[in-house]
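See below for the structure under consideration.
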Amino acid sequence: MSLSLDETVPDPETLLQWYVELGADEAIGEEPVDWFAATPSTPVQSAASTAAAPVSDPKRSAAPAPEAAPRRAPAAVEPPSDNAASALASAAQTLGDLRAALETLEGFPLKVTATNLVFGEGVTQPDVMFIGEAPGADEDRQGRPFVGASGRLLDRMMQSIGLDRTENAYITNILPWRPPGNREPTPAEIATCLPFIRRHIALVRPRVLVPVGGTSAKTLLDQRQGIMRLRGRQFDYVGPDLDGSIPAIPLFHPAFLLRSSGQKALAWRDLLTIKQIIQ
Ligand code: URA
């Protein structure tokens, strides 16, 4: 949805949906809350409990009021070290193990803000494995990769060269949890997730790897240049637990193509290159 200044004020539901699309999906109060502060030592009794304790009852009036437990922020958990993430990822022998390893990973802040783990979907040993950046709002809600507007375009791009996530392709992301408000993943978040996506690739064993968008291409191919310079070229992806290398063809992100349809011709060329390799 888009709003322009000359539109009349939208109804509350439309406005709320607009906020969610912008990433403002958490309700906050007007006053800041200090979750570390202990509550006053005299607990506040509810009207109901006060009414239920008549003052004439000596046993009740003599009993000291129980101390209220201080309200605390959730215990801070140490973020996972890169070594711990590598050890967890490389121990996974199957995709099920890998999913379980991600589910048990502790201390990764995006796990707290995301609604669902977005692991990946498709067939193993596919012709092509597509790897995006990170789930967006729709993916986070459904726990599935590329199901929003850009996912629908990616599906159409795949179909144009005979690929389908239910038959001969696999789709996942560098990060399996949504960064709040769809912000860019930080280098530290990418570093933690890298051993998992590398293991994911080794377990899926695609014939061709397609990093979707700049973040994915730079991360997987260890490059510094942006997608404008990386697309149109073929790379060899080398990773742990792989016998050889996998041909990798970087592709524009469909979210970018939705905004810049003039670039679709270049994306089409890259799709044809992918088709040639798998044929
Ligand atoms: N963008 C991505 O990079 N991945 C998704 O799953 C959805 C949108």
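The values are calculated or read from the model by the stated rules, or taken from the named source; none is laboratory data. No experiment lies behind these values; they were computed from the predicted model shown. Glycine also receives a Cβ, built like all others from the backbone with ideal geometry; neighbour counts cover every protein chain displayed. The accessibility values were calculated without ligands, DNA or RNA, using every heavy atom of the protein model including side chains. Shrake-Rupley method; radii C 1.70, N 1.55, O 1.52, S 1.80 Å.
When the residues of the stretch 258-275 are filtered to those that are within 16 Å of the ligand (Cβ to nearest atom) and free of Cβ contacts under 8 Å to residues at least 24 places away in the same chain, the one that is least open to solvent (accessible area, probe 1.4 Å) is Ser260.
The rows are residues; the columns are (1) at pLDDT 95 or above; (2) closer than 20 Å to Phe146 by Cα; (3) of a type in the set (A, V, I, L, M).
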| position | (1), (2), (3) |
| --- | --- |
| Pro40 | no, no, no |
| Asp57 | no, no, no |
| Pro64 | no, no, no |
| Glu78 | no, no, no |
| Gln93 | yes, no, no |
| Val118 | yes, yes, yes |
| Thr124 | yes, yes, no |
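The residues of the stretch 124-140 that are open to solvent by 10 Å² or more (accessible area, probe 1.4 Å), in contact with a helix residue (DSSP H, G or I) (Cβ under 6 Å, 6 or more places away or on another chain) and near the ligand (Cβ under 9 Å from one of its atoms), listed by number, are Glu133, Gly136.
Selection over the stretch 141-150 of residues that are open to solvent by less than 40 Å² (accessible area, probe 1.4 Å) and either among the basic types (Lys, Arg) or near the ligand (Cβ under 9 Å from one of its atoms) (or both) gives a count of 5. Does any residue of the stretch 151-159 turn out to be closer than 23 Å to Ser261 by Cβ, open to solvent by 10 Å² or more (accessible area, probe 1.4 Å) and away from the ligand (no atom under 16 Å from the Cβ)? The answer is yes; a qualifying residue exists.
The set of residues from the stretch 94-133 being outside any loop (DSSP other than H, G, I, E, B), more than 11 Å from the chain's Cα centre (by Cα), closer than 17 Å to Pro195 by Cβ and among the charged types (D, E, K, R) comprises Asp97, Arg99, Glu103.
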